[in-house]
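Worksheet for the structure shown next.
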Amino acid sequence: MDATVPDDLVQTQHAWNATYAALAAPRPRDTTALRGRLLLLSGRLWWHPYWETASSVPAARSELRQAVRAQRAGRAA
C-alpha cells in the first residue's frame, strides 16, 4: 500500500465529514445546498486519481479515513 495519502484528498475528506455532520445536525439550514455539496465532494473522493495508483483501494480508503481522524485528534489536543 502507498505510504501517504495526498493532501488534497485528505482535505476533501475533511470537507465531506464536515458537510455530513452539518446535514446530520438537528434542523440543518439549507439542506439542498448541503446535499449538493455532499454529492460534489463524494464525486471528488470517488474519482480522485490517487485511487488508480493505490495497490489496494479498500485499504487506501481506510488509510484515508484514519489519516483524517488522526489530524482531527491532533487539532483537538
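Quick one: in the range 22-47, which of the residues that are within 11 Å of the chain's Cα centre (by Cα) and surrounded by 12 or more Cβ atoms within 10 Å (Cβ to Cβ) is farthest from residue 10 (Cα to Cα)?
Selected residue: 38.
In the range 28-77, which residues are under 17 Å from residue 16 (Cα atoms), out of contact with any helix residue (DSSP H, G or I) (no Cβ under 8 Å at 6 or more places or on another chain) and in a loop (DSSP other than H, G, I, E, B)?
If the condition is that a residue be under 17 Å from residue 16 (Cα atoms), out of contact with any helix residue (DSSP H, G or I) (no Cβ under 8 Å at 6 or more places or on another chain) and in a loop (DSSP other than H, G, I, E, B), then 29, 30, 47 are the ones that fit.
Look at residue 53 and say whether it is open to solvent by less than 100 Å² (accessible area, probe 1.4 Å) and more than 14 Å from the chain's Cα centre (by Cα).
It is true that residue 53 is open to solvent by less than 100 Å² (accessible area, probe 1.4 Å) and more than 14 Å from the chain's Cα centre (by Cα).
Return a yes/no flag: does the range 5-13 have any residue that is among the hydroxyl-bearing types (Ser, Thr, Tyr) and modelled with pLDDT under 95.
The answer is no, given that none of the residues of the range 5-13 is among the hydroxyl-bearing types (Ser, Thr, Tyr) and modelled with pLDDT under 95.
Got at least one residue in the range 10-18 being surrounded by 11 or more Cβ atoms within 10 Å (Cβ to Cβ) and touching a Pro at 6+ places or on another chain (Cβ under 8 Å)?
No, the conditions are met nowhere in the range 10-18.
When the range 1-18 is examined, which residues are found to be more than 10 Å from the chain's Cα centre (by Cα) and outside any loop (DSSP other than H, G, I, E, B)?
7
Under 8 Å between Cβ atoms, which residue pairs at least 6 apart in sequence (or on different chains) link something in the range 17-40 that is at negative phi with a partner that is of a type in the set (S, T, N, Q)?
23/31; 34/19; 37/19; 38/19
The values are calculated or read from the model by the stated rules, or taken from the named source; none is laboratory data. Treat the numbers as computed from the prediction; the structure is a model and nothing was measured. Cβ sites come from the backbone with ideal geometry, for glycine too, and all protein chains shown count toward neighbours. Side chains are part of the model used for accessible areas, which takes the heavy atoms of the whole protein and leaves out ligands, DNA and RNA. Shrake-Rupley method; radii C 1.70, N 1.55, O 1.52, S 1.80 Å.
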